[in-house]
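J.: The structure is given below, and queries will be raised subsequently.
What follows draws every value from the coordinates through simple rules; no lab data is involved. These numbers were taken from a predicted model, which means no experiment stands behind them. For neighbour counting, all protein chains shown are included, and Cβ atoms are generated from backbone atoms with ideal geometry for every residue, glycine included.
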Amino acid sequence: MVLLGFFLRIITLVLSLTLTQLVDGFQSRMLMSNGLALTPQMGWNSWNHFQCNINETLIKQTADAMVSSGLSAKGYKYINIDDCWGELKRDSQGNMVAKASTFPSGIKALSDYVHSKGLKLGIYSDAGTLTCSKTMPGSLGYEEQDAKTFAEWGIDYLKYDNCENKGISPKERYPKMSKALINSGRSIFFSMCEWGQDDPATWAGDIGNSWRTTGDIQDNWNSMTSIADLNDRWASYARPGSWNDPDMLEVGNGGMTKEEYRSHFSIWALAKAPLLIGCDLRSMNKDTFELLSNKEVIAVNQDKLGIQGKKIKKEGDLEVWAGPLSKKRVAVILWNRGSLPANITARWAEIGLDSSATVNARDLWAHSTHSGVKKQLSALVEPHACKMYTLTRSKA
Ligand SMILES: *[C@@H]1O[C@H](CO)[C@@H](O)[C@H](O)[C@H]1NC(C)=O
Ligand SMILES: *[C@@H]1O[C@H](CO)[C@@H](O)[C@H](O)[C@H]1NC(C)=O
């Protein structure tokens, strides 16, 4: 009996060790080693609205507006400074320095301010000799030094661009900064911006928390729709820890109608894209706030299952996009890309539901529920507009 008890204990120990190793192995395969980006990043970035016209006052006011508008409470946490924050020349020790005329208090003071608001601060550099504006140095050859500087300043996020790269492969340049950030002593989100040129989805899963899949977005319908399609090709590579990035949001910048912006935000949310606001938060109007603050749409983006939804049907200009969510739910978008109102239908088999399933269809923009829906979901959709739903199987 004593011997049997001993053997049982050994067996239990071996089993539990094996399980622990399996779980660890699973997580290290699933997650970037910095452990960040379990869900896509949410926040704001200065580029789409301000380009190089930035300064510390603007960044502080944006942090203030993120909190006072209520958007931070919806999950938007990163305040990201893009290009043009630094001096062209490094200091005598080779360190990057904040531009004295626009960031006179320095970046450390700014990160203290942003952190005091419960938010996180992001910064920008470039895997080349100069940034894209050519007004400040890139980090090529200075990866370890710059990562340490960012960590000392209290930076939480780095967007890493691709200009002036001397023709060196991104597969050489980006892993260097990834490693430098991990060695920096601070947890720093790594946002790779090599414009999708070398298909980063296929090699950057353990290097970046997100990677751009396309060139820059423009604030118009053609740009937004074509970027949505280009990004969609890489859907199967997205996973918790590392996401496809079809670029930052243009919602609120004025180049699209409200329905077009609603489509933009809905598709980005379904595609598990970073939700990085690109408008002037200090003067956002009611429509912009209504789109950016929709908790039910944000919940699709931040769903813990972390599977990128994709285009599953296209009949001319009429499209169905869908993807699975946790708790066996399904998110669906009926998207009319044409110029006339149209009836769009998603059949259960097309979106991964049993043909016998009965569902409750929650309309995430109307905030209403149709219960007992069978076989298919149809709706009349206005030009350039979409309907977005979460489908939950009803209990038999
Ligand atoms: C800071 O930037 C904003 C946005 O471009 C601009 O409106 C403002 O005048 C700037 N402030 C200073 C002090 O330069
Ligand atoms: C849309 O088409 C579906 C499938 O053909 C049909 O069942 C539904 O009644 C139509 N709805 C509208 C609003 O026309």
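J.: Enumerate cysteines in the chain without a disulfide-compatible partner, where compatibility requires another Cys Cβ under 4.7 angstrom.
T.: Lacking a cysteine Cβ partner under 4.7 Å: Cys193, Cys279, Cys386.
J.: Something else now. Are there trypsin sites (Lys or Arg not before Pro) in the stretch 313-396 that DSSP marks as loop and that have at most 11 other Cβ atoms within 10 Å, and which are they?
T.: Lys327, Lys395
J.: Now a separate question. Could I have the simple spin-label model distance between Asp317 and Ser68, label points 7 Å from Cα toward Cβ, reported in nm to one decimal?
T.: According to this spin-label approximation, the distance is 4.2 nm.
J.: Please state the shape class of the chain: rounded when a/c is under 1.5, otherwise prolate if a/b exceeds b/c and oblate if not, all from the C-alpha gyration tensor.
T.: In terms of gyration-tensor shape, oblate.
J.: Moving on. Set the Förster radius R0 to 41 Å, insert the Cβ-Cβ distance between Gln376 and Glu290 as r into 1/(1 + (r/R0)^6), and round the FRET efficiency to 0.05. It would help to have the intermediate numbers written out before the result.
T.: Details: r = 29 Å, r/R0 = 0.71.
In this case the efficiency is close to 0.90.
J.: Hey, could you get me the Stokes-Einstein D for the stretch 54-170, Kirkwood radius over alpha-carbon pairs, 20 °C and 1.002 mPa s, rounded to whole µm² s⁻¹?
T.: 146 µm²/s
J.: Given Lys159/Lys286; Lys108/Lys295; Lys117/Lys258; Lys311/Lys374, which pairs have Cα atoms separated by over 24 Å?
T.: Lys159/Lys286; Lys108/Lys295; Lys117/Lys258
J.: Oh, and also: Enumerate the calculated ³J(HN,Hα) couplings along the stretch 387-394 in order (Karplus 6.51 cos²θ - 1.76 cosθ + 1.60, θ = phi - 60°), each rounded to whole Hz, writing x wherever the residue is Gly or Pro.
T.: Using θ = phi - 60°, the values come out as 10, 10, 9, 10, 9, 10, 4, 7 Hz.
J.: Another question about this same structure. Rounded to the nearest 0.05, what FRET efficiency do Ala366 and Ser283 have when you use their Cβ-Cβ distance and R0 = 22 Å?
T.: The pair Ala366/Ser283 has a calculated efficiency of 0.20.
J.: A further question follows. Sorted by packing (mean other beta-carbon atoms within 10 Å per residue), highest first, where do 241-249, 143-151 land?
T.: Taking the mean over residues of other Cβ atoms within 10 Å, the ranking is 241-249, 143-151.
J.: Could you tell me the relative contact order of the chain? Use alpha-carbon pairs under 8 Å, at least six residues apart, and round to a whole percent.
T.: On the way: 831 pairs, mean separation 52.0, N = 396.
Dividing the mean separation by the residue count of the chain yields 13 percent.
J.: Using alpha carbons only, how many angstrom separate the centre of the stretch 97-154 from the centre of the stretch 178-221?
T.: About 17 Å separates the Cα centre of the stretch 97-154 from the one of the stretch 178-221.
J.: Sticking with this one: Calculate, for Cys52 and Arg393, the FRET efficiency according to 1/(1 + (r/R0)^6) with r their C-beta to C-beta distance and R0 41 Å; round to the nearest 0.05.
T.: 0.20
J.: Once fully extended, how much extra length lies between Gln197 and Asn95, figured as 0.36 nm per residue of separation less the alpha-carbon to alpha-carbon distance?
T.: Taking Gln197 through Asn95 to full extension adds about 33.8 nm, to one decimal.
J.: Averaging sequence separations of C-alpha pairs under 8 Å and six or more residues apart, then dividing by the length of the stretch 327-396, give the relative contact order as a whole percent.
T.: 47 percent
J.: Return the single residue from Leu305, Leu38, Leu380 with maximal mean-square fluctuation; model: Gaussian network over the chain, springs between Cα atoms under 10 Å.
T.: In the Gaussian network model the winner is Leu380.
J.: Using alpha carbons only, how many angstrom separate the centre of the stretch 246-279 from the centre of the stretch 314-352?
T.: After rounding, the separation between the Cα centres reads 18 Å.
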